Amino acid sequence: MKQLLTTLITVLLTAFSASAKLNVVATTPDIASIAEVVGGGEIRLTTLARPTEDPHFVDAKPSFIAKLNRADVLLQGGAELEIGWLPPLMQGSRNTKIAAGAPGNVQCNAGVTMLEVPSTLDRSQGDVHAAGNPHFLVDPENAKIVAQHIASAFAQLDREHAGLYQANATQFTKALDDHMVTWKAKLAPFQGAHIVAYHNSWPYFGKRFDLNIDLFLEPKPGIPPSPAHLANVITQMKDEGARVIIVDPYLSRKTAETVAKATDAEVVNVTQFPGGVKGSGKTYLEMMDYLIDSISTALATPPNSN
Ligand SMILES: [Zn+2]
């Protein structure tokens, strides 16, 4: 009887603590991977975008509205990354906890030094980076800022586990600092190298690791490549000696290969989301390992050998 009672109490306590867990929704898998580390088993986490999806154009499923309706916290990238798909879902969710300005609405870019912020907002030509470049999380220094930011938000909404969230963010920061030494060393031989990207989502990565990722197959972020623009890129690649083209999983590798053929370049599959391409792992650290390894290997490959 006593044993039965103990079991019953344990079951009830487990059920109670499970229901008390913070319900967290992250828009993209990179933010989710950091939230998972910070949350350390004390949160219930849902990610909206798949790792193979373009974060600017996520397929907004009706089920997202129910997920947002139940959320205690919404973690979004900010800087208009999700402007094309998230606002109607937020409206449909009718959830004041995650409404703009509420403690449960976390804009991850807060505190991050944004790059390419234009002096005037101009979306007239379909430029999806009109509020500055929103792809800041591939700089590990920014991942540290975001982890701290997430820890503070979680702590405010769940004071009982505030210490744990802070400790997890600190541990994540320490792990990034340790990895950074190796990552910097692997890319050090290629300082100043020119790399071509399909979409302009790499300025933070380039700045951190001293690479010039400054030629793009898209004429403007979100605008598909035209033959005239690609011809220009080919000429510039030859001038700069650029031999690596990086492509995210949701963009056309075929277009990149056409350009690569004309320039003796190599196409490298990259991702900003763990699990976005084969070998990119399941965590932020594994994804960064993959990026550093695949890009440094391509840069080390002599021309005409691929
Ligand atoms: Zn973009």
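Here are a few things to note about the model shown:
- Hits in segment 54-81 - residues which are assigned to a loop (DSSP other than H, G, I, E, B) and under 11 Å from the mean Cα position of the chain (by Cα): ASP54, PRO55, GLY77, LEU81
- Residue check, ILE295 touching a residue at least 60 places away in the same chain (Cβ under 8 Å) and among the β-branched types (Val, Ile, Thr): yes
Matching residues to (1) surrounded by fewer than 19 Cβ atoms within 10 Å (Cβ to Cβ); (2) more than 16 Å from the ligand (Cβ to nearest atom):
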{"position": "TRP183", "(1), (2)": "no, yes"}
{"position": "PRO219", "(1), (2)": "yes, no"}
{"position": "PRO224", "(1), (2)": "yes, no"}
{"position": "LEU230", "(1), (2)": "yes, yes"}
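- Residues located in segment 252-291, provided they are closer than 17 Å to VAL196 by Cβ and among the hydrophobic types (A, V, I, L, M, F, W, C): ALA256, VAL259, ALA260, ALA262, ALA265, VAL267, VAL268, VAL270, LEU291
- Looking only at segment 258-306, and only at residues there that are in contact with an Asp or Glu (Cβ under 9 Å, 6 or more places away or on another chain) and among the aromatic types (Phe, Trp, Tyr), the one that is surrounded by the fewest Cβ atoms within 10 Å (Cβ to Cβ): PHE273
- Within segment 118-129, residues that are in a loop (DSSP other than H, G, I, E, B) sit with their Cβ atoms under 9 Å from residues that are away from the ligand (no atom under 13 Å from the Cβ) and not aliphatic (A, V, I, L, M), at 6+ positions apart or across chains, in these pairs: ASP127/PRO118; HIS129/PRO118.
- The C-beta contact set for segment 157-172 (first residue touching a residue at least 40 places away in the same chain (Cβ under 8 Å) and within 16 Å of ARG44 (Cα to Cα), second residue acidic (Asp, Glu) and buried (at least 16 other Cβ atoms within 10 Å of the Cβ), distance under 8 angstrom, 6+ apart or interchain) comprises LEU157/ASP72; ASP158/GLU42; HIS161/GLU42; LEU164/GLU42; TYR165/GLU42; TYR165/ASP158.
- Top-ranked residue in segment 58-79 [being at pLDDT 95 or above and closer than 24 Å to ASN142 by Cβ; ranked as surrounded by the most Cβ atoms within 10 Å (Cβ to Cβ)]: LEU75
The values are calculated or read from the model by the stated rules, or taken from the named source; none is laboratory data. All figures in this text were calculated on a predicted structure; none of them were measured in a lab. So basically every Cβ, Gly included, is an ideal-geometry build from the backbone, and we count neighbours across all protein chains shown.
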